[in-house]
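Everything below concerns the one structure shown next.
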Amino acid sequence: MNDHTLTETEIADLRCLAGMIIPASAQYGVPGADDDTIFADIVNSIGRDRNDVCAALASLRALADGASFAALDVARRSQVAARLRAEGGPPVGVLTRIVLLCYYRDDRVMVSLGLEARPPFPKGHELEQGDWSLLDPVRARKPFWRPAS
Amino acid sequence: MQDKVDVLIIGSGASGAAVAWSLAETRMKILCLEQGDWMKQSDYPSNGRDYEARVFSDYATSPNIRQRPSDYPINDDNSPIKVVNFNAVGGSTVMYTAHYPRLHPSDFRVRTLDGVADDWPIDYATLEPYFAENDRMTGVSGLAGDPAYPAHEPPMPPLPLGRSGTKIAQTMNQLGWHWWPSDSAIATTEYDGRAPCINLGHCTPACAQGAKASTDITYWPHAIRAGVELRTNCRVREITTGDDGMATGAVYYDRDGVAQFQPAEVVILACNGVGTPRLLLNSASGRFPDGLANSSGLLGKNLMFHPWALVHGYVDEPMDGHRGPPLCLWSQEFYETDRSRGFVRGFNFQFNRTVGIGTEAVSAEVNGLLPWGEGHHETFRSLVGHRMSVGICTEDLPEEHNRVTLDPVLKDSHGIPAPKVEYAIGENTSHMLDFAIDRGKDILLAAGARNLHVIRPVVYGGWHLLGTARMGDDPERSVVNSWGRSHDVKNLFVVDGSIFVTSGGVNPTCTIQALALYIADCMKQRLATLFD
């Protein structure tokens with residue numbers, strides 16, 4: 001889980017924030033976004049969004065008055081996270097997008113949503129043909145395209 | 001210096017592929033230069049678990065975000081709609097949603113019928129045989145009998161209705177409004193060596209199944225077998241001209257970045273509505289100081305985008321979710337002019353099947369529907385797979401201030417000046433968007449949808465790049481003539497979306513390709529007098 005683009009403090013803050021965005025749920029039997037496997041995916045997926053993620057984490061730290069976000073007490077973390085979401089701008093949107101996309105491709109999460117844990121190809125998906133008699137009232141209409149002359 | 005060719009085509013996308021294939025029967029020596037490379041279906045996003053994330057990186061629709069080596073930057077800061085495209089063999093057909101309507105007969109006569117813009121120098125009847133030929137070459141699925149169109153018969157049956165299509169159909173019937181299965185450039189049966197659609201559900205950023213008709217797997221295999229040479233990783237810098245004012249060929253950078261001169265008897269541009277004016281403006285010379293083929297001063301002007309809006313909401317019953325091609329139905333209830341609506345011309349509804357789960361999460365977050373922390377899971381489960389979405393494609397009228405010029409600073413990786421886009425949504429289109437969004441809401445409310453959300457315009461929605469080298473009979477009011485030949489340079493042709501006079505209100509790829517086939521036929525019929 002070591003990523004040279006982020007410091008240990010930033011990684012700890014990011015992990016803490018990810019777990020606050022999507023916490024584990026016993027009700028649905030799913031991990032939070034701070035789960036080992038999911039968080040490793042998050043860190044490895046930052047890639048070209050590194051600058052935005054770092055900017056968001058810098059904002060997080062500033063809102064925490066320079067302290068480590070992860071080291072704050074629960075109530076203070078909630079306040080800071082809410083302010084970050086409201087005031088953090090596009091970099092927070094990028095960070096959140098990475099968290100969401102990694103979370104919702106985790107095997108356990110996909111299965112909990114009734115999906116197969118796999119990419120679309122090569123198996124594809126079944127789709128109902130549907131009832132084409134629904135077209136009957138449309139077929140009954142006269143042509144209504146506009147003649148050009 | 002390279003060996004001289006009879007025909008040099010620049011760009012291998014929708015129109016370049018079609019014109020190459022059609023001209024191949026002449027047995028002329030034909031070369032196409034493409035700035036990108038062949039794509040591999042095994043690399044396409046839907047092969048992997050990160051398929052949704054890749055639309056934010058190497059399969060982003062915007063070249064400014066994607067930044068592949070084949071991409072060139074575009075300064076679109078002065079436009080509320082950003083240019084989206086793809087640069088590879090197949091061009092933007094690799095990355096489109098394969099919604100494949102034709103322009104309507106009225107679209108070619110807007111001045112006569114509605115007193116706005118200009119009539120085209122050709123009409124629907126002229127293009128009709130080329131529409132049919134293109135449908136056959138592309139492999140189009142759909143259903144004959146749509147009362148919104150002149151009769152035509154797609155060669156394959158339509159995409160399935162699915163749950164989403166069924167819900168839309170029931171709702172539109174309840175409202176008494178037109179709907180019909182879309183003509184789609186997606187194979188629903190085995191077709192010309194292509195496998196049928198298996199509902200991967202992630203069509204836009206390339207089809208791993210090969211069911212979607214991108215020209216790298218439709219026209220190009222046939223054109224290459226017929227003798228056309230396709231040279232990849234070759235970015236053209238400029239069209240060159242001789243003392244007689246005729247095009248002599250093109251200077252391009254090869255895959256090693258070395259400048260090469262390719263002589264040619266005929267040059268055909270197929271770089272679409274931004275790439276074509278960019279290249280012609282970059283081809284300015286002492287004889288053509290304002291850019292090549294620009295005696296009218298209209299090169300780069302009259303850019304039309306089709307401003308898009310999206311209205312979506314969530315219904316109680318499950319929709320198709322991540323399954324199936326995103327687009328399956330259209331409605332042209334409001335396509336033709338009705339002045340009582342407060343605007344002229346019209347728009348097309350595209351019904352979107354829905355989106356993948358990661359995309360749904362990101363969209364819900366952006367729209368403020370998804371809480372952080374407690375409540376996240378319950379809320380997300382109420383949204384995912386329940387989306388109902390209406391896309392709106394509005395006709396964009398030509399206005400000269402909407403234009404492509406050369407950026408004075410920005411350059412691509414070869415140092416070639418980049419295009420600059422300046423664009424504002426026109427008043428007529430703005431009124432049309434108001435009306436269309438209200439009707440989109442009517443549909444969703446009739447379906448029982450909640451949490452309605454409107455996106456206007458779709459910022460990264462500049463797919464359709466039209467009008468910047470318009471066709472016409474008057475050299476003072478157009479860039480090319482009625483069969484695609486430059487008024488100024490008689491061995492220079494344009495076959496892409498830039499020659500559109502007006503935009504219509506539907507996706508243009510089908511019409512672009514029909515135009516390319518029509519121009520190729522005009523050239524073949526005039527081979528002995530092509531430059532007269």
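The values are calculated or read from the model by the stated rules, or taken from the named source; none is laboratory data. Here the structure is a predicted model, which means the values were calculated and not measured. All Cβ positions, glycine included, derive from the backbone under ideal geometry; neighbour counts span all protein chains shown.
When B:SER363 is tested against (1) more than 9 Å from chain A (Cβ to nearest Cβ); (2) buried (at least 24 other Cβ atoms within 10 Å of the Cβ), only condition (2) is not met. Could you list all residues from segment B:153-209 that are surrounded by fewer than 19 Cβ atoms within 10 Å (Cβ to Cβ), of a type in the set (Asp, Glu) and either modelled with pLDDT under 95 or touching a Pro at 6+ places or on another chain (Cβ under 8 Å) (or both)? Across segment B:153-209, the qualifying residue is only B:GLU190. Checked against (1) in contact (Cβ under 8 Å) with a residue 40 or more places away in the chain; (2) within 14 Å of chain A (Cβ to nearest Cβ), B:PHE56 meets all criteria but (1).
Results for (1) surrounded by 20 or more Cβ atoms within 10 Å (Cβ to Cβ); (2) aromatic (Phe, Trp, Tyr); (3) within 15 Å of B:HIS377 (Cβ to Cβ), shown as yes or no for each residue.
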residue	(1), (2), (3)
A:THR7	no, no, no
A:ALA12	no, no, no
A:CYS16	no, no, no
A:MET20	yes, no, yes
A:SER25	no, no, yes
A:VAL30	yes, no, yes
A:ASP34	yes, no, yes
A:ALA40	no, no, no
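Summed over segment A:1-45, the residues that are in contact with a helix residue (DSSP H, G or I) (Cβ under 8 Å, 6 or more places away or on another chain), of a type in the set (A, V, I, L, M), under 20 Å from B:ALA53 (Cβ atoms) and modelled with pLDDT of 95 or more give a count of 11. Of the residues making up segment A:16-68, those that are among the aliphatic types (A, V, I, L, M), in a loop (DSSP other than H, G, I, E, B), out of contact with any His (no Cβ under 9 Å at 6 or more places or on another chain) and within 14 Å of chain B (Cβ to nearest Cβ) number 4.
When you check B:VAL89 against the structure, is it in contact (Cβ under 8 Å) with a residue 24 or more places away in the chain, more than 14 Å from chain A (Cβ to nearest Cβ) and in a helix (DSSP H, G or I), yes or no? Write out each step before concluding.
On the way: in contact (Cβ under 8 Å) with a residue 24 or more places away in the chain: yes; more than 14 Å from chain A (Cβ to nearest Cβ): yes; in a helix (DSSP H, G or I): no.
Against the criterion (in contact (Cβ under 8 Å) with a residue 24 or more places away in the chain, more than 14 Å from chain A (Cβ to nearest Cβ) and in a helix (DSSP H, G or I)), B:VAL89 does not qualify.
Tally time: how many residues in segment B:229-270 are in a strand (DSSP E or B) and either farther than 22 Å from B:GLY286 by Cβ or not aliphatic (A, V, I, L, M) (or both)? Even if it seems obvious, please write down each step before you answer.
Just the residues of segment B:229-270 that are in a strand (DSSP E or B), to begin with: B:229-231, B:235-241, B:247-253, B:259-269.
Next, only the ones that are either farther than 22 Å from B:GLY286 by Cβ or not aliphatic (A, V, I, L, M) (or both) stay: B:229-231, B:235, B:237-238, B:240-241, B:248-249, B:252-253, B:260-263, B:265-266, B:268.
Adding up the residues that qualify gives 19.
Filtered by the rule that a residue be more than 7 Å from chain B (Cβ to nearest Cβ) and surrounded by 16 or more Cβ atoms within 10 Å (Cβ to Cβ), segment A:133-149 gives a lone residue, A:LEU135.
Go through segment B:289-320 and count every residue that is free of Cβ contacts under 8 Å to residues at least 40 places away in the same chain and either touching a helix residue (DSSP H, G or I) at 6+ places or on another chain (Cβ under 6 Å) or under 29 Å from B:VAL459 (Cβ atoms) (or both). Before the answer, list the steps.
The first filter runs over segment B:289-320 and keeps only residues free of Cβ contacts under 8 Å to residues at least 40 places away in the same chain, leaving B:289-291, B:297.
The next check asks that each one be either touching a helix residue (DSSP H, G or I) at 6+ places or on another chain (Cβ under 6 Å) or under 29 Å from B:VAL459 (Cβ atoms) (or both); those that pass are B:291.
So the answer is 1.
Among the candidates B:GLY165, B:GLY193, the residue that is facing chain A (nearest Cβ under 10 Å) and either more than 20 Å from the chain's Cα centre (by Cα) or among the hydroxyl-bearing types (Ser, Thr, Tyr) (or both) is uniquely B:GLY165.
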